[in-house]
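See structure below.
Bear in mind these aren't lab numbers, they're just calculated from the coordinates by the rules spelled out. On a predicted model such as this, the values are computed, not experimentally measured, just so you know. Cβ placement follows ideal geometry from the backbone for every residue including glycine, while neighbour counts extend to all protein chains displayed.
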Amino acid sequence: MRKILFIYEKKNWSIYDDGYNLKKHNQNIILSKLPIPIFFYIKIIHFGSFNLLRKYKFLLRILKLFKFKIICSWYHIDDSKDKNFYNFHDLYNYVDKWHVTTDEIYSHLLKENVVKNKIKKIFLGFESKLFYPPDISQIIDLKNKLDLPKINNTIIIGSFQKDGSGWNGGDLIKQIKRPQLFINFVKQLKKTNYDIFVVLSGPSRNFVINELKKNQIKYKYFGYVSQEKLSQLFKVIDYYFITSIKEGGPKSLIEATASNKKVISTNVGMSGYVLKKYLNGVIINEDEFENFCDIFSKFHKTKINVDYKSFKKEFDWESISNKYKELLYDL
């Protein structure tokens, strides 16, 4: 059987993780940073992001000429850099199938006259061997291991992402991630006398770290971590905050829900669907930001219990990979 070439950008980016997890359940996938058209061996070239499709647009005509099938995953429109993605009609015609995770991109492609049956909505997945609801003893052990607060009334809030611009520390913010809103929320909680502790991971977090220091909010930063270490961090937090303007997922939403953690999120990506179905979080709208503490206090009294069996069936990478095979790779 001819192979599927999955194109990623960097090994420490989320897109590589997508390809890596898909490959574990589909041995016909080959991971590559370059769209090398190996005739009679490669059948499908899957660009892991719209940025990659744009980057290699000079190749698309050649790929189609030699009958390669082209798939592109497109997660969100990034208006913050004025680069995505309203003037690329010439690219749309080269793509045989589009993979999207949100209604936003689905609707955008329809407006651009992309044929409906070329657009396939498949959610992001998670690794169920790593991300699952921990028991109390596991949480205690991990808090000891990670040197995190063990006092019951301390609320541990997680933020595991890259929200700084570039890779040189992140003093300047990545607008689309809106880390200043995260700081706004934790400042409100501190002023209301909640005992909070922030756990951070991911590259380019200087802005958040400096703001936490300035506001004397306790935190611990773990830097860029492996998936195994990330799963440990999810197990010990009480809340995960998502404050982005746009998201394709985010994966942290899936991993927090798999870990049976409370999520407070702006209305982005998959958040509305996941939190409504699995009842482990609330959506906060733009006009509610300054009343965050009221929303938090009400939600804080709520107990959650994610139906992990159903969640795993829907979002485990094995299930997601099967949907790729059925809906995308059947060309």
Query raised in the report: So what are the stretch 136-312's ellipsoid semi-axes, whole angstrom, largest first, if each one is the square root of 5 times an eigenvalue of the alpha-carbon gyration tensor?
Result: 21, 19, 18
Report summary line: Taking max minus min of the Cα coordinates of the chain on each principal axis, largest first, gives extents in Å of 64, 40, 35
Query - Charge dipole (debye, nearest 20) of the chain; +1 at Cβ of Lys and Arg, -1 at Cβ of Asp and Glu - result: 840 debye
Report task. Please find, in a Gaussian network model of the chain (springs between Cα atoms separated by less than 10 Å), the residue of Leu130, Leu65, Leu230 whose mean-square fluctuation is greatest. Result -> Leu65
Query raised in the report: Could you state the principal axis extents of the C-alpha atoms in the stretch 152-200, from the largest down, to the nearest angstrom?
Result: 36, 18, 14
Query raised in the report: Along the stretch 221-228, what does the Karplus equation 6.51 cos²θ - 1.76 cosθ + 1.60 (θ = phi - 60°) give for ³J(HN,Hα), rounded to whole Hz, x for Gly and Pro?
Result: 10, 9, x, 7, 10, 6, 4, 5
Report task. In Å and from the alpha-carbon atoms only, list the Rg and Dmax of the stretch 1-58. Result -> 11.0, 31
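First select every other residue whose beta carbon is under 13 angstrom from the beta carbon of Ser32; then total the charges, Lys and Arg +1, Asp and Glu -1. Don't skip to the answer; put the middle values down first.
Details: positive: Lys3, Lys10, Lys11, Lys23, Lys33; negative: Glu9.
Once positives and negatives cancel, what remains is +4.
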Report summary line: Of the convex hull drawn through the C-alpha atoms of the stretch 82-233, the volume per residue in Å³ is 167 Å³
Query - Distance between the stretch 89-160 and the stretch 1-76 - C-alpha centres, whole angstrom - result: 20 Å
Report task. Using 0.36 nm per residue of separation minus the Cα-Cα distance, give me the extension gain between Phe66 and Ile36 in nm, one decimal. Result -> 9.5 nm
Report summary line: Summing -39500 (n - 2.57) over every DSSP H run of at least 4 in the chain, dividing by its residue total and rounding to the nearest 500, the 222 nm mean residue ellipticity is -10500 deg cm²/dmol
**Report entry** Candidates Ile38, Ile245, Ile304, ranked by Gaussian network fluctuation over the chain, Cα under 10 Å, top entry
**Finding:** Ile38
